[in-house]
Ligand code: NAD
Ligand code: MG
């Protein structure tokens with residue numbers, strides 16, 4: 001008789017978002033393997049109500065008490081689902097012993113403290129929140145080695161790299177013989193748009209990604225290609241390689257997600273449909289393989305795949321990210337913070353699309369980036385960069 005294992009207990013940070021919902025979609029296909037124990041989100045109490053009813057977690061965490069109060073009222077007929085609120089409750093959830101696996105799918109710097117708490121508690125972490133690695137990669141990786149936590153990347157390119165590398169039982173990749181890591185980039189919605197017209201880009205145009213349906217912030221990051229810049233930093237931090245060993249190639253179809261180039265001339269690629277359920281299922285099941293709800297590719301119908309060099313002039317954010325990566329960990333904290341401020345201003349229609357890079361560049365130039373790698377010091381540097389970026393905005397806003 002085969003031994004029946006208890007279901008893995010999952011906590012999803014950022015449950016109401018694009019990655020959060022894709023994760024819950026995969027989990028729902030495997031009720032015998034996974035049990036949703038806790039869910040967390042910002043303030044979408046209606047979205048959370050629907051998820052709580054469907055997955056019946058032990059508790060949920062909302063970012064503020066106002067949203068939590070709305071949710072308690074909405075769930076008053078569901079006994080047994082507790083509703084907590086605030087950043088401390090979020091960190092407590094990430095480290096809660098009743099949870100085995102934490103899905104880190106909050107967007108931006110807001111996700112870092114909970115992500116670190118999950119790592120320090122030795123969890124299995126499915127990591128989508130790339131900004132956490134950009135801000136505190138060394139800290140997170142050192143904490144994982146110390147606690148025994150397993151960090152499994154679900155950002156599609158990094159998940160592709162993870163699949164093309166030999167890894168140990170803790171999920172740590174062996175880079176022996178690796179010459180280069182390659183991340184593919186679709187080039188976003190403006191790959192072929194006349195650069196002279198980028199000043200009039202609307203929020204709707206920038207959010208309309210050709211291949212992926214994602215949250216607003218990462219959609220704008222994809223349109224400026226800051227997303228790929230953040231991903232180069234993410235790859236260096238995750239796999240412990242210098243900037244020169246991580247390259248980007250434009251691949252408009254988004255079917256090849258990443259490649260590993262070995263010393264002997266071999267290149268291993270990972271392919272799959274542009275659907276986050278593929279990397280999520282890989283990481284959720286690892287080392288087993290699960291159904292994700294997505295089929296393999298029909299290559300004969302696809303016919304051809306294109307690869308092109310990135311256009312650094314059109315996409316200055318990619319260069320800014322590389323420069324910050326080479327400069328220091330503090331510079332990448334400021335880069336991320338300035339980008340979050342600039343993207344929010346663009347989404348609020350107070351900053352032109354083609355000025356996002358200028359705000360980030362000017363913010364970085366205002367600052368000294370020598371910082372300690374402790375969480376408090378990194379968060380302080382993040383705050384300083386936000387203040388400086390706001391100051392820049394007043395000069396660059398339309
Ligand atoms: P999203 O905007 O759709 O969702 C973000 C989630 O985070 C929401 O549930 C929101 O409620 C929650 N959140 C935001 N601020 C919070 C706070 N202060 N406290 C608690 N919760 C908060 O974003 P997304 O597209 O799902 O992206 C999430 C992360 O995954 C980002 O770091 C993104 O770069 C990364 N990622 C996304 C995709 C994708 O396909 N969407 C792919 C690769 C990586
Ligand atoms: Mg990605």
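Points worth noting:
- For the stretch 82-205: rounded, prolate or oblate by the Cα gyration tensor [a/c cutoff 1.5]: oblate
- Where labels lie 7 Å past Cα in the beta-carbon direction, separation of residue 390 and residue 245 in nm: 4.1 nm
- On full extension, the segment bounded by residue 311 and residue 138 gains 59.3 nm, given 0.36 nm per residue less the C-alpha separation.
- Antiparallel DSSP beta bridges within the chain, percent to nearest 5: 30 percent
- Contact order relative to length of the stretch 350-397, as percent, for alpha carbon pairs under 8 angstrom and 6 or more apart: 59 percent
- Extension gain for residue 377 to residue 347 (0.36 nm times residue separation, less C-alpha to C-alpha distance): 7.9 nm.
- Reported value for the stretch 55-127: 90 Å³ per residue, from the convex hull of its C-alpha atoms.
- In nm, spacing of pseudo-spin labels at residue 92 and residue 53 (7 Å Cα→C-beta vector): 2.8 nm
- For the chain, the mean projected area of the C-alpha convex hull, equal to one quarter of the hull surface, is 20.9 nm².
- Footprinting exposure proxy for 236, 78 (fewest neighbouring C-beta atoms within 10 Å first): 78, 236
- With the simple spin-label model, which puts each label point 7 Å out from Cα in the Cβ direction, the residue 193 to residue 294 separation comes to 2.5 nm.
- Hydrodynamic radius of the stretch 1-147 by the Kirkwood approach over all distinct alpha-carbon pairs: 15.3 Å.
- The overall shape of the stretch 110-169, judged from the alpha-carbon gyration tensor, is oblate: a/c is not under 1.5, and a/b is no greater than b/c.
- In terms of overall dimensions, the C-alpha atoms belonging to the stretch 241-398 reach 52, 36, 34 Å along their principal axes, ordered largest to smallest.
- What the Cβ-Cβ distance of residue 326 and residue 179 gives, at R0 = 22 Å and to the nearest 0.05, is a FRET efficiency of 0.70.
- If R0 is 30 Å, the Cβ-Cβ spacing of residue 43 and residue 212 corresponds to a FRET efficiency of close to 0.80.
- Column: log10 I(q)/I(0), Debye, Cα scatterers of the stretch 328-398, q = 0.15, 0.21, 0.27 Å⁻¹: -0.42, -0.76, -1.11
- Only helical runs count toward this figure. For the chain, summing -39,500 (n - 2.57) over DSSP H runs of n ≥ 4 and dividing by all residues gives -14000 deg cm²/dmol at 222 nm.
Only the coordinates and a few stated rules stand behind these numbers; no lab work does. Only a predicted model underlies this, so the values are computations on that prediction, with no experimental measurement involved. Every residue, glycine as well, gets a Cβ built from its backbone with ideal geometry; the counts of neighbours run over all protein chains shown.
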